[in-house]
Amino acid sequence: MRIIVAAIGRMKGPEAELAERYAKRATQSGRALGWKSVEVIEIKESRADEAMKRMLEESIALANVIPQGAAVVLLDEKGDALGSQAFATELATWRENNKPAVVFMIGGADGLAASLRDKADLRLSFGKATWPHQLVRAMVLEQIYRATTILSGHPYHRV
């Protein structure tokens, strides 16, 4: 199973280094769980003048990276706030159901189109606070890594 984090915008600086660190850790520890890779796909922000057009263009670009049969997780402030164990269980269930990939989608500043939200198997929230997209990406990758440690019995995750 492939794990894909598809996000609007490019990262650089310390946030990019943090995200890369967790992606590398998740890739290494995920292999033992049958995960092929943990990839990050960066999509350029739309340059459209109107917010609705930007949102639509970015949503179309994100939809185009979803592999056939993949589970889709949308990062959404109105989504479900799962604990790390429940998050790991979701990933394990998709793996057991032979999903070829799980795609985590992080929209741009204008949000995502309803048509893309409707495709989501899970709408995930990191709480009611608004987080910068760069931190959300790092947080998703950390939770993916944490899920690998939970599923493999590694002591990284302590409750």
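The values are calculated or read from the model by the stated rules, or taken from the named source; none is laboratory data. Here the structure is a predicted model, which is why all the values come from computation and not from measurement. Here the Cβ positions follow ideal geometry from the backbone for every residue, glycine too, while neighbour counts run over all protein chains shown. For the accessible areas, the whole protein counts, side chains as well, though only heavy atoms, and no ligand, DNA or RNA atoms are used. Shrake-Rupley method; radii C 1.70, N 1.55, O 1.52, S 1.80 Å.
Test of understanding: in a Gaussian network model of the chain with alpha carbons linked when under 10 Å, which of Gly79, Gly108, Gly34 would top the mean-square fluctuation ranking? Maximum fluctuation in the GNM of the chain, among the listed residues, is at Gly34.
Heavy-atom accessible surface of the chain, averaged per residue, reaches 54 Å², computed with a 1.4 Å probe. When only the Cβ of Lys, Arg, Asp and Glu is charged (+1, +1, -1, -1), the dipole of the chain relative to its Cα centre reaches about 480 debye.
Note that the stretch 75-92 has calculated 3J(HN,Hα) couplings of 6, 8, 4, 9, x, 7, 8, 8, x, 4, 5, 5, 4, 4, 4, 4, 4, 5 Hz, one per residue in order, obtained from phi through the Karplus relation 6.51 cos²θ - 1.76 cosθ + 1.60 (θ = phi - 60°); glycine and proline are x. In the stretch 45-107, the portion of solvent-accessible area held by carbon and sulfur atoms comes to 45 percent [1.4 Å probe, whole percent, DNA, RNA and ligands not counted]. Compactness of the stretch 79-127 is given as radius of gyration and Dmax, 12.1, 35 Å, from Cα positions. Considering only beta bridges that DSSP places wholly inside the chain, some 5 percent are antiparallel.
Think of the stretch 37-159 as having a plus end and a minus end, set by charges on the Cβ of Lys, Arg, Asp and Glu; of Ala113, Gly83, Ala138, Gly83 sits farthest toward the positive end of this dipole. All C-alpha to C-alpha distances of the chain, sorted into 5 Å bins beginning at zero, yield P(r) values of 2, 9, 19, 23, 22, 15, 7, 3, 1, 0 percent in whole numbers.
Quick one: compute the contact order of the chain, relative version, from alpha carbon pairs under 8 angstrom and 6+ residues apart, as a percent. The normalised contact order for the chain reaches 35 percent. With 0.36 nm allotted per residue and the present C-alpha distance subtracted, the Asp121-Ala109 stretch has 2.1 nm of extension available.
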